[in-house]
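First up is the structure itself, then whatever we jot down about it.
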Amino acid sequence: MFTLPDLPYEYDGLAPYISADIQHLHHTGHHAAYVKNLNAALEKYPEWQNKSIEEIMISLDKIPEDVRTTVRNNGGGHFNHSMFWQMMAPHKGQVPGGTLLDKIQHSFGDLKTFQEQFGQGAVKVFGSGWEWLVIDNGELKLMSTPNQDSPFSQGLTPLLGLDVWEHAYYLQYYNKRPDYITAWWNVVNWDNVAKRLDASLR
Ligand code: MN3
């Protein structure tokens, strides 16, 4: 059985950049539904119910075929959102430093260029999906995934991800996805990104 994790901050913790209304609906509506649908899909497959979500995400091709797409979409939704909440934090003017900044500079030149390229990728995601910063053999790379697919299922380690489904911004930003992306940088939890990077390099 999978359960909905609590947010690591209050629903209004990311305001004014991401409103409490969005956070509340996103967590108790969307994320909760992914968890509920994932549990329902695995009901008749007890051998999968006690696996970690990580194990499920890297074994999608072994999931029974009749529920595979449901597990991919809803397991992915649970996995991605559990990470997404941690990748954000109330605005405190955080900036990346240390090894993370070194690697960003190595791969993208500087932080501003990285943010521009990440933003361009996020704007270009057609329909629903995610933009990611991943680590691939020690190198930072950008990638997009459709729907709730995760780079993790392709053997890559996600360090930072941005949900660009309309449910993530429409209540506040309407059709202006670029404005949502610009605002979102204010609530990126760089400490969490650095922690993920360190874990992947160990
Ligand atoms: Mn979402």
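The values are calculated or read from the model by the stated rules, or taken from the named source; none is laboratory data. Here the structure is a predicted model, which is why all the values come from computation and not from measurement. Glycine also receives a Cβ, built like all others from the backbone with ideal geometry; neighbour counts cover every protein chain displayed.
Restricting to the stretch 126-143, count the residues that are surrounded by fewer than 18 Cβ atoms within 10 Å (Cβ to Cβ) and either under 22 Å from residue 197 (Cβ atoms) or touching a residue at least 24 places away in the same chain (Cβ under 8 Å) (or both).
Final tally of qualifying residues: 8.
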If I filter the stretch 28-44 down to residues being surrounded by fewer than 14 Cβ atoms within 10 Å (Cβ to Cβ) and not aliphatic (A, V, I, L, M), which single residue comes out as farthest from residue 3 (Cα to Cα)?
44
If you scan the stretch 174-201, which residues turn out to be of a type in the set (A, V, I, L, M) and within 27 Å of residue 127 (Cβ to Cβ)?
181, 183, 187, 188, 193
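Residue 180: crowded, with 19+ Cβ neighbours inside 10 Å, at pLDDT 95 or above and within 16 Å of the ligand (Cβ to nearest atom), yes or no? Spell out how you get there, then give the answer.
Details: crowded, with 19+ Cβ neighbours inside 10 Å: yes; at pLDDT 95 or above: yes; within 16 Å of the ligand (Cβ to nearest atom): yes.
Yes.
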Cβ-Cβ under 6 Å, sequence separation 6+ or interchain: first residue in the stretch 162-187 and closer than 19 Å to residue 150 by Cβ, partner part of a loop (DSSP other than H, G, I, E, B) and within 13 Å of the ligand (Cβ to nearest atom). Which pairs?
164/125; 165/128
Could you tell me whether residue 77 is within 16 Å of the ligand (Cβ to nearest atom), at positive phi and at pLDDT 95 or above?
no
Residues of the stretch 133-171 classified as touching a helix residue (DSSP H, G or I) at 6+ places or on another chain (Cβ under 9 Å) and within 14 Å of the ligand (Cβ to nearest atom), total:
16
Hydrophobic (A, V, I, L, M, F, W, C), more than 21 Å from residue 32 (Cα to Cα) and not in a strand (DSSP E or B), is that true of residue 71?
no
Against the condition in a helix (DSSP H, G or I) and either away from the ligand (no atom under 13 Å from the Cβ) or surrounded by 15 or more Cβ atoms within 10 Å (Cβ to Cβ) (or both), how does residue 192 come out, does it pass?
yes
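Looking at residue 70, is it under 21 Å from the mean Cα position of the chain (by Cα), free of Cβ contacts under 8 Å to residues at least 40 places away in the same chain and surrounded by 15 or more Cβ atoms within 10 Å (Cβ to Cβ)?
yes
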Reported set for the stretch 4-57 where residues are within 16 Å of the ligand (Cβ to nearest atom), small (Gly, Ala, Ser) and within 18 Å of residue 80 (Cα to Cα) is 29, 32, 33
